[in-house]
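Some notes on the structure that comes next.
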Amino acid sequence: MNEAQQQLADSIGELLAQSPLDDEIKNRLLEKMEEIPENLLFRLKDALEKEKEELEGVVFDIDIFLKDQDKDWQGVVEDQKKVAREVTDKWVEKLK
Amino acid sequence: MERIPVESLKTQEKSREELYLDTLKAKRDVLSSHYALNQLRRGKKVEEMSDSDVEDYKAVKKEYDKRRELFLVSISSLNEDDSQKISELTSLTKVEIALSSLEKPAEVSEGIRPEDFDKDSLVKQVVENIIGQNPSRQAGESVAEPQIEPPHRDMTLEEIQGRIDAEKANRQTLGLNGEGVEYWEAQRALLLERHEAEANPDKPAPKGFVKRLRDSYDKGKEAIMGANRISGGSETVESRMSLLGLRKEAIKPVSPEEPGESIQSEEVHPIQPEVQPQPEVMSQQMEKEPKKPSGWGWLKERGKGIWNFGIWEFHQAERFRSKTKEVANDTDALATLIQQERNLSLEEAQAEAQEITNELKKNNLEGIGTAEFYQANSDIISDRKKKENDEEIEYIIKSSGNDLLDKLAEYRGEAGQDVLTQENKLAFQADLRGELNKLRDGAFRKDFVNFAKLMRRNLDENWYRRYVWGSVEALAWIGVGWASMTFLATKEAAIVAAKAVAGGAGGAEAAREFVEKGMHGNVWNTLKEMAQNGPGHFTPTGEQLKEWSQAVLDSIKHYEPEWVNNVVEGLKSSRTMPEGFTLKIPVEIMKQIQNPGL
């Protein structure tokens, strides 16, 4: 096994460990790995890398969502304060 | 995401060749913006980005989503063979070569080489065109020249050689230690190996390959466990997540420079570092270097909600595709959850659930399994903000009460206090609380819909099928087709997430002994429907239903005439209960209703 093949094995192993694929599928892949031709193993590595990139994208977008959410809720509190002033004035009129 | 009406994309009847060409172009467009997006994100941490940078990212993301949608519509119009051919063009370079061979005369296209294409300019174009038009940028505000780096798997031999040369030059001029050279030389060896494997498609993996892969797999799993150990105890993030049915192992960045990192710091490191040590170097570093921080810390802190949305999306997609099950009474299930979580009356919870369902419909987000999605992601959608805003509401009510008293005193002097009787005070508070809650609930709904949109957009099943896993014949090799691919244990996730909601420690529901539910038909039937439409989706046995019904009857001080011989003193017959009668379901029973395993 040359160095490139060692690298390929290491990458697939690590990416597969991190993948959200079901364990059952991971185990089947591991069991049959010997039978899969090398060119398809490269494609498997590509797919696992792409999966990881997609999921990193999800993480990033959720972080943006959370940042926006913080900002939006500050606005909600401001609106609530405004409504509170209106309701208070209404009750002042009612009771004065 | 705004779905593009299919009708607007259909043009006049096109030939097979034209459709193929259009789809190739669509794939080129989506990949170039995909690369641009990854580039804008790489090594960045959202909370440290300026508003302008976030807006730039959002603008590119919007364009990317649009292009992806166009591509998916386009590829769905192809026959299976053509669709597969395009799926196999896994990089921008390959797509460009295929496009050139179709667009240029045969004699010109012969001899086209990967290095003839300038991916960088395509990607830069995306970034510059979109960011340049971003209205949030101030006039004259400069836009940083994007440093484009395609995924390393899509780099040509020449590009890699360029990197090697540059690293060597850096070593000479800057005195760097040359790790970069080693990394890029390893990339070159990998690419040459790939070329050889592609030229000999039957070439098997060498001896010892599987063992090495397994070792790396085991090490990867071990590193994940270590990386996610919660500071100060033996509990791990994945054990928390496992309780919620999410992951058996948590995710960590793949970057080889971050093995076994700590979760204590939030500092982000580039996902694909410029310099990536080779495996041998890595293993030495793993032993010597202290654990490094992770950009996934936020996920680990929350511990739930993210991964299982993906599961739910796939799960739901499969459910709808197979049409073996329908999601019935989703709104009812959601109302039950909302009632538990926000401590609302049944009527208020039902009204809120209906509003949410309507909003989702308006946004073409039906079929996400609303209740399941809500409970799986409640930490992000509501828990996160609920406590904060509830405290704000209490503060506003208190200070408004003081304002009211002050203002009344202005008009009536000391008599103002007399006007504000206890009854008036309570009525004022109820009025105000109602108005404030309306605003809070509106914000919850907005969060829910926005989050559902975000996740739907990001976890589009078609995209995963067409782009991520589209060309992986390895899966077919082991007898796994796309339709049978599963992501973690979906059923288990449902059960345990339901359990967490029903009995989650520290939640509002934990403090309450009962969950209220309007009766439908009779107690037996109501509980049966709840189990069938709940997260567990199961039909309980007669024995279970009898046990649950009895517990509910006990809690509301009723009895079932068929199960007793005599009238029970102090209790009412269940036959006297009208339709919609409020049942009190003990939390313990609720857990069983939502979880067939208990």
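Helix A:3-18 and the longest principal axis of the Cα set of chain A meet at an angle near 40°. Put simply, the amide H of B:Gly518, placed in the peptide plane, has neighbours under 5 Å in B:Leu583, leaving out anything fewer than 5 places away on its chain. Phi-derived couplings, Karplus 6.51 cos²θ - 1.76 cosθ + 1.60 at θ = phi - 60°, listed residue by residue for region B:404-409: 4, 5, 4, 5, 5, 5 Hz, with x used for Gly and Pro.
For region B:33-47, backbone phi angles converted through the Karplus equation (6.51, -1.76, 1.60; θ = phi - 60°) give residue-by-residue couplings of 6, 5, 4, 4, 5, 4, 5, 5, 8, 4, x, 9, 10, 4, 5 Hz, Gly and Pro being listed as x. Under a 5 Å amide H cut-off, with hydrogens placed 1.01 Å from N, B:Ser573 pairs with B:Tyr559 among residues at least 5 apart or on other chains. Each residue of region B:152-157 is assigned a 3J(HN,Hα), and the resulting list reads 4, 5, 9, 8, 7, 4 Hz, derived from the Karplus form 6.51 cos²θ - 1.76 cosθ + 1.60 (θ = phi - 60°), x at Gly and Pro.
Neighbour counts of C-beta atoms inside 10 Å place B:Thr582, B:Thr173, B:Thr156 in the sequence B:Thr173, B:Thr582, B:Thr156, starting with the fewest. Extension gain, B:Tyr411 to B:Ser15: 0.36 nm times the residue separation minus the Cα-Cα distance gives 134.4 nm. Inter-chain Cβ neighbour count for B:399-411, averaged per residue, equals 4 (cutoff 10 Å, partner chain atoms only). Remark: spin-label model distance B:Glu579-B:Asp215 equals 7.1 nm, labels positioned 7 Å along the Cα→Cβ axis. Diffusion coefficient of region A:3-95 by Stokes-Einstein, Kirkwood radius over Cα pairs, 25 °C, 0.890 mPa s: 138 µm²/s.
Counting other Cβ atoms within 10 Å as a rough exposure proxy, the listed residues A:Ile62, B:Ile593, B:Ile397 run B:Ile397, A:Ile62, B:Ile593 from fewest neighbours to most. Angle, helix A:23-32 long axis vs. longest principal axis of chain A, Cα atoms, 0 to 90°, nearest 10? Taking the Cα atoms of chain A, the angle to A:23-32 is about 20 degrees.
FRET efficiency for the pair A:Asp79 and B:Asn200, taken as 1/(1 + (r/R0)^6) with r the Cβ-Cβ distance and R0 = 56 Å, rounds to 0.25.
Every read-out reported here was derived from the displayed coordinates using simple, explicitly stated rules and does not represent laboratory data. Since the structure is predicted, the reported quantities are computational estimates derived from the model, not experimental observations. All Cβ positions, glycine included, derive from the backbone under ideal geometry; neighbour counts span all protein chains shown.
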